[in-house]
Amino acid sequence: MSSEEHVIEVRGLTKRYRATLAVDALGFTVRPGTVTGFLGPNGAGKSTTMRMILGLDAPDAGHARIGGRRYRELHRPLREVGALLEAKAFHPGRSAAAHLTALAAANEIPRSRVEEVLGLVGLTEAARRRAGTYSLGMAQRLGVATALLGDPGVLVLDEPVNGLDPEGIRWLRTLLRSLAAEGRTVFVSSHLIGEMALTADRLVVIGAGRLVADTSVADLSARYGSLEEAFLRLTSASTEFRGSSARTLDAGERTIS
Amino acid sequence: MTAVPGTLGRFHAASRMEWIKLRTLRSTWWTLAATIAAAAAIAVAVGANTHDASGDLTNNALAGIAPGLLLVGVLGVLTMSGE
């Protein structure tokens, strides 16, 4: 895998929804070989940014490129970029195996890969069950399987930890780290700082659509004492939803809604 | 969609995907079964109630086709709205 083609470049990315500036001249680079965490409070613009990287939303200014090309210019998108945006992005009446087989057929991916990814995410047993009967954790696993189907060099995952039990969280952490170790670019959003501290090597932190930090996990926690402290300080000016009593607590005790 | 080499191949791949998506839903088979059952049942009922020797046998036998077409329409709606 050559590394240049797996770099995600975001430059001056801006998205406006009527009066709200969801993403404001955002710029950062996500490199292969490491897990990069994408952190920000609820409503900071994480999902919007990811949707623009994947060509699902058109930016009002700036651009997002993967290996120098926009997503829509990729020849075989599913084989180059794996994405998980919503846990339940499948038909509830179709089984995991059928869902993946259909996508494999459309992208000329060998059928044997379906069994492979089902095994990788631990869904082999439930593969023939209708996906509508899955728990949120199982749905997330199917989402991860879908992202991995084309064996892509770039992974963009929006809140993949949601709904996973402790065993599932550890499994995902190990999986993401090993995918990065293989030379892939792994870009994962979350609002769970503790989990990101264990999973990611680098962090891109945004607040109110703006970049507030683009650095290593080690650097950030060293500078502020802990990663949680760093996150709360960096995003305090931009947090959109905050409990009414939050102002009376110190930063360390503040809870993110 | 850009016109890269193999546009026909892409069409073929997309068709294969749609076919897999269609046949892996239970509602597809229910709707098809209902279509055949309804068409046959109506043909039998119409035939059984025709006591006139000058009755058009072919027309009677095919009486269920129109309601059957409606059910195939339902299948189309199910397929599209499932996306």
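The values are calculated or read from the model by the stated rules, or taken from the named source; none is laboratory data. Note that the structure is a prediction, hence the values are computed from the model and not measured. Neighbour counts run over all protein chains shown; Cβ positions are idealised from the backbone, glycine included. SASA here: full protein model, heavy atoms, side chains in, ligands and nucleic acids out. Shrake-Rupley method; radii C 1.70, N 1.55, O 1.52, S 1.80 Å.
Some observations on this one:
- Whole-Hz couplings from phi, Karplus 6.51/-1.76/1.60, listed for the stretch A:100-107; x for Gly and Pro: 6, 5, 4, 5, 5, 4, 5, 10
- Largest-first principal axis extents, alpha carbons of the stretch A:84-205, Å: 37, 28, 21
- With the charge dipole of chain B set up from +1 on Lys and Arg Cβ and -1 on Asp and Glu Cβ about the Cα centre, the Cα lying farthest toward the positive end among the listed residues B:15, B:76, B:50 is that of B:15.
- Computed over the stretch A:4-253: relative contact order in percent, which uses C-alpha pairs under 8 Å that are six or more apart: 27
- Taken about its Cα centre, the protein assembly as shown carries a charge dipole of roughly 220 debye when the Cβ of each Lys and Arg holds +1 and the Cβ of each Asp and Glu holds -1.
- Sorted largest first, the spans of the alpha carbon positions of chain A along the three principal axes are 55, 37, 37 Å.
- Nearby lysines by direct alpha-carbon distance to residue B:21 (threshold 27 angstrom, same-chain neighbours under 8 apart not counted): A:88
- Nonpolar atom fraction for the stretch A:4-253, defined as the carbon and sulfur part of the 1.4 Å probe accessible area, stands at 49 percent.
- Helical segments meeting 30 Å axial Cα length and Kyte-Doolittle 0.5 threshold in chain B (DSSP H): B:26-48
- Evaluating 6.51 cos²θ - 1.76 cosθ + 1.60 at θ = phi - 60° for every residue in the stretch A:37-45, the Karplus couplings come out as x, 10, 10, x, x, 4, x, 6, x Hz, glycine and proline recorded as x.
- For the protein assembly as shown, accessible area per residue (1.4 Å probe, heavy atoms of protein chains only), Å²: 51
- For the stretch B:25-81, the Cα-based Rg and Dmax, in that order, read 13.8, 46 Å.
- Those residues of the stretch B:22-52 for which accessible area with every protein chain present is at least 10 Å² below the isolated value (1.4 Å probe): B:23, B:24, B:25, B:26
- 5 angstrom amide H check on residue A:61, placed H, neighbours 5+ away: A:14
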